[in-house]
Amino acid sequence: MPIQILQGTLDLMILRTLATMGPQHAYGIASRLQQVSEDALNLNQGTIYPALVRIEQRGWTRGSWSKTENGREAKYYAITRAGLKALEEETERWRQMSGVVEKLLAEEQ
Amino acid sequence: MAHLRRIVAKLRNLAANKRAEEELAREVSSHLTLLADEFESRGMAPEEARRAARRAYGGVEQVKQSHRDERSVLWMEQTIQDLRYGLRTLSKSPGFTVTAVLTLGLGIGACTAIFSLLNAVLIRSLPYGDPSRLVYLFTPNRQFKLPDEVFGPAYADLYDLKRASHSFEDMTAFGQSVFNLASPGVAERVSAARVDGDFFQTFQSTPELGREISADDNQLGHEKVAVISHALWQSMFGSTADVLHRSLLLDGKSYQIIGVMPQGFEYPHSTDLAYGESQYKTTQVWIPLALTPQQTSDRDNSSGNAVARLKPGVSVAQAQAEMAAMMVRLDKLHQMKGWGALIKNFVDSTVGHVRSLLWLLLGAVAIVLLIASGNAANLLLARAAGRVRELGVRVALGAGRSRIVRQLITESLLIGLAAGAIGILFAYLFLGILPLFNPGNIPRLNEASLDMRVLLFTIAVSLLTSMLTGVLPALAVSRINLTDFLAATGSRSVASAHTRVQSALIVVESALVMVLLASAGLLIRSYVNVESVDTGFSQSTVTVNIGADPRYSHPQAVEFFRSLFQRLQALPGVETVGAVSSLPLSNSEDLRMFSVDGYPNQISQLAEARWVTPNYFSAMKIPLVAGRLFTADEKLASHTIIINQSFARRYFAGRNPIGGRVSRQDDHTQWSSVIGVIGDVRNTSLEEPAEPQIYEPDMEFGGGYIAIRSSLPAKSLASSVHTILHSLDPNLAAGDIQTMRDLESEASARRRFQTSLLSVFAGIALFLALVGLYGLMAYSVSRRTREVGIRMALGAERGDVLLLVLKKAALLLALGLVSGLVASWFATRAMQAFLFGVGRHDPITTLAVCALLALSGLLAAIIPARRAASMDPMQALRTE
């Protein structure tokens, strides 16, 4: 069954993707997310756009246009220093959060 | 929230959103292409691949919309953040905020107040339909060398023009009369207009009650009807609806009231017609002109006033050309030739004479506003320098430069808007006291109010000043760069650059103040000159305007005034009672063409003619210079006249005027001999020298101005006059009872108005500039605490420190003075028309203004200088 995305987690996933893979276009990011989730994350590729504009406006990424290896033009997003810092914080927050949830669930059993 | 979001998103779309939208579309299409490429590489046909790509992508429009929402949400969040942050920082330094807001508020308030005047007088439309199409018609005759506006068209010419011309939609003729309006218990003098059947139609004004005066009312025998003003309806009839069944008693004759004009229609006002009935400010009654057949076919008498409405699309020049061509034809029908055509724009004639004054005032308040903005900018700069550290940290933490500039602009916008609100308050107060200044000859001055247009103006001015004050500090701060900031001296170098800008602002402010002070100084000197003009008559003489009405035959009227004079003369305290056909400074005039025996006479020589009773000169205390005055038994048949000094100087140069002979120009058979010369009086205005005058004896006074010299207070004399008149005839009214001092004061009211306003503005400007200078000196002293400490530790005396600070202030002031002198040299050109008896480069004014600015500037600087001098060196060294 496809899972729903938790509020805010998409930003984290995109930042992580960019930090790992370097500058990427929206298609690249979306494909990567699908690939990693082994299609469990059933999202339309367009779904990531609001998250993309959000993190760009916060200054976490910077966009620029260039060519793909096949010669197509695409907007590439690169993570900024502020973005890396945010990624760190968001990751920490996620870890704490998921730790708490995990612990709770374990106790219930 | 979703609503608000959509609204904001829309606003954003209106603004600079086009680029973002284009980029989004480009990105989406690139994304789809990449997806399609992928599907194709997996073996799909191109068409199928495109469809699959769209499926995988999801709804394109939905994505775009959510993208837009996200963008606008962020924009809004940031704005709210800026506002919150701005409010917090401003409330953290209340001293700064209050000073900045009050300074700017004062400037904006002054601007708003003067703009509301300008709005009421010049911009707000006159209540006559489309007033831009209204024109005055004149038929000037150049042979007379009189102002063109003296010549209204003769009725026959006017009605011929009306029939044959194509430029005009409507045309009307009207005259003015002053009547005794009697109602039970009181009688008053009112100004009335006698109008033809097209008057109200031409002005596109209709009564709020009843009907207007029609062509039928102008038929002889039907003319006893009247339309009254809203004000008269209120004061005399208590606004009752049955006013249409009532009648008015004008000069003892009954007129049926047929209509009431709405508030605001009181045309003609005394300011409307250059040569109209000027002692009454507004018109309260309109009655039919009711011309006789002789009058209608009269070409030889200029008949009064003519107003026409141009057809849409017809220019004044076109109408002028048509009328000129027609007058060439009509001129041939005249006995005396030379009648031309002149069309003047109605609105210009009405308000043209105050336009330059209002622009001058607006210019003055604009300078005040500039100075206020300069001060606010200085405050912001000083604060920005103090905030270099805070802002530097924010930059280091990744805040974009644009974000910081935006933050600073938001703060100055907050200050500007608060100042705008304060300014509206100031303007409101100002408009409250404005009627005290009203000179009475600026049309519609009392209608000045804070309407929508004024409020929009205030908002625009507030935004503009916010930008003006915010942009300098924002620029300065945006130049902060990280390396500078991180280097230990960073904040110092930024600060010293700031101080240079601040000093430059102070220099500019002082220069602007110089201009205002010099202008105000020139006006004050002019006013003093006007006030010290010798008018030539006694100021305490009380005058009153009384006319007999048609119930009286001429002998009856003469008898009536004889007994009135006797009763007045018998009042205890009354010294002399005299009478005259028209008073000095009352704007009524009677010009006469004449010939002088033994003088090379010219056709166009004119003198002001007066009929006076023998006691007039004594009542007015006009001195006899040579010869004798009229006596009580002066014989009309002996044809004696008295002339004034100007007449004697011009026409009897080098000979004895007494016994000289003067005749009417067209009639040399009857010569009058000069028996006396009296002193010159100011007649047309206080500022114009006396014209030649001829006085003839009036042994049968039948109405006009009565002049009473007495030791009684003016008020009690006035009430005695009313009582006596009422006991003689309750239907006659005593109009404009006033002293000659009142008339004089009315004549200088305009000057008082402009002088006091400009002086107040100059005062405000000086105050603001001093506050600015004080602020800058205090600031620089506080920044140089350490330096001062070192100097003192090295042996500098307190006096040296004092001088150090004062020297800097003196330098700024000197620079300001010099540039101010240069600026005033040119700027006072705008003042030329407003000056009297003083040149625009008057050295005394200039010196006084320089001294005032220099002294008050140094005084403002001495407080911070003393603070610097009284510093404890040890403590000073420890700061920072």
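Determine if segment B:808-815 includes at least one residue that is more than 39 Å from the chain's Cα centre (by Cα), in a loop (DSSP other than H, G, I, E, B) and assigned by TED's automatic domain parsing to the domain that holds B:Thr499.
Looking through segment B:808-815, none of the residues is more than 39 Å from the chain's Cα centre (by Cα), in a loop (DSSP other than H, G, I, E, B) and assigned by TED's automatic domain parsing to the domain that holds B:Thr499.
Which is aliphatic (A, V, I, L, M), at pLDDT 85 or above and assigned to a helix (DSSP H, G or I), of B:Val788, B:Val818?
B:Val818 is the lone residue from the list that is aliphatic (A, V, I, L, M), at pLDDT 85 or above and assigned to a helix (DSSP H, G or I).
Is it the case that A:Ser37 is free of Cβ contacts under 8 Å to residues at least 60 places away in the same chain, buried (at least 16 other Cβ atoms within 10 Å of the Cβ) and more than 22 Å from B:Ser72 (Cα to Cα)?
In short, no.
Can you tell which of B:Gly440, B:Gly400 is modelled with pLDDT under 80, out of contact with any Phe, Trp or Tyr (no Cβ under 6 Å at 6 or more places or on another chain), surrounded by fewer than 19 Cβ atoms within 10 Å (Cβ to Cβ) and farther than 30 Å from A:Trp60 by Cα?
Only one candidate qualifies: B:Gly440.
Taking the condition of being touching a Gly at 6+ places or on another chain (Cβ under 7 Å) and in a helix (DSSP H, G or I), how many residues in segment B:678-736 meet it?
So the count comes out to 0.
Would you point out the residue of segment B:71-113, among those that are within 14 Å of another protein chain (Cβ to nearest Cβ) and crowded, with 20+ Cβ neighbours inside 10 Å, that is farthest from the chain's Cα centre (by Cα)?
The qualifying residue farthest from the chain's Cα centre (by Cα) is B:Arg71.
Regarding segment B:837-851, can at least one residue be identified that is touching a residue at least 12 places away in the same chain (Cβ under 8 Å), touching a Gly at 6+ places or on another chain (Cβ under 7 Å) and buried (at least 17 other Cβ atoms within 10 Å of the Cβ)?
Within segment B:837-851 (the criterion being touching a residue at least 12 places away in the same chain (Cβ under 8 Å), touching a Gly at 6+ places or on another chain (Cβ under 7 Å) and buried (at least 17 other Cβ atoms within 10 Å of the Cβ)), the answer is yes, since at least one residue qualifies.
Those residues that are surrounded by fewer than 13 Cβ atoms within 10 Å (Cβ to Cβ) and at pLDDT 70 or above, I need them from segment B:1-39; list them, please.
B:Lys18, B:Arg19, B:Glu22, B:Ala25, B:Ser29
Within 33 Å of the chain's Cα centre (by Cα) and not hydroxyl-bearing (Ser, Thr, Tyr) - does that describe any residue in segment B:213-221?
The answer is no; no qualifying residue exists.
Applying the selection to segment B:74-123, what residues are of a type in the set (D, E, K, R) and touching a residue at least 12 places away in the same chain (Cβ under 8 Å)?
Residue satisfying the conditions is B:Asp82 alone.
Applying the selection to segment A:28-65, what residues are closer than 16 Å to B:Ala25 by Cα and not aromatic (Phe, Trp, Tyr)?
Across segment A:28-65, the qualifying residues are A:Gln45, A:Gly46, A:Thr47, A:Ile48, A:Pro50, A:Leu52, A:Val53, A:Gly63, A:Ser64.
Quick check on my filter: what residues within segment B:33-44 are more than 14 Å from A:Gly28 (Cβ to Cβ), part of a helix (DSSP H, G or I) and either within 10 Å of chain A (Cβ to nearest Cβ) or not acidic (Asp, Glu) (or both)?
B:Ala36, B:Phe39, B:Ser41
Across segment A:37-94, what is the number of residues that are facing chain B (nearest Cβ under 10 Å), basic (Lys, Arg), more than 14 Å from the chain's Cα centre (by Cα) and not in a strand (DSSP E or B)?
Of the residues in segment A:37-94, 4 are facing chain B (nearest Cβ under 10 Å), basic (Lys, Arg), more than 14 Å from the chain's Cα centre (by Cα) and not in a strand (DSSP E or B).
How about segment B:168-253: which strands (runs of 3 or more DSSP E) wholly inside it have at least 3 residues that are buried (at least 21 other Cβ atoms within 10 Å of the Cβ)?
Fully inside segment B:168-253 and qualifying: B:168-183, B:186-195, B:225-228.
Looking at B:Phe617, is it touching a Leu at 6+ places or on another chain (Cβ under 8 Å) and of a type in the set (A, V, I, L, M, F, W, C)?
yes
Go over the candidates B:Leu146, B:Leu104 one by one and state the one that is outside any helix (DSSP H, G or I) and more than 30 Å from B:Pro312 (Cβ to Cβ).
Being outside any helix (DSSP H, G or I) and more than 30 Å from B:Pro312 (Cβ to Cβ) holds for just one of B:Leu146, B:Leu104, which is B:Leu146.
Please enumerate the residues belonging to segment B:344-390 that are polar (S, T, N, Q) and either in contact with a Phe, Trp or Tyr (Cβ under 9 Å, 6 or more places away or on another chain) or farther than 30 Å from B:Arg133 by Cβ (or both).
Answer for segment B:344-390, where residues must be polar (S, T, N, Q) and either in contact with a Phe, Trp or Tyr (Cβ under 9 Å, 6 or more places away or on another chain) or farther than 30 Å from B:Arg133 by Cβ (or both): B:Asn345, B:Ser349, B:Ser356, B:Ser373, B:Asn375, B:Asn378.
The values are calculated or read from the model by the stated rules, or taken from the named source; none is laboratory data. What you see is a predicted model, and the numbers here were worked out from it, not measured in a lab. Note that each Cβ is placed from the backbone with ideal geometry, even for glycine, and that neighbours are counted across all protein chains shown.
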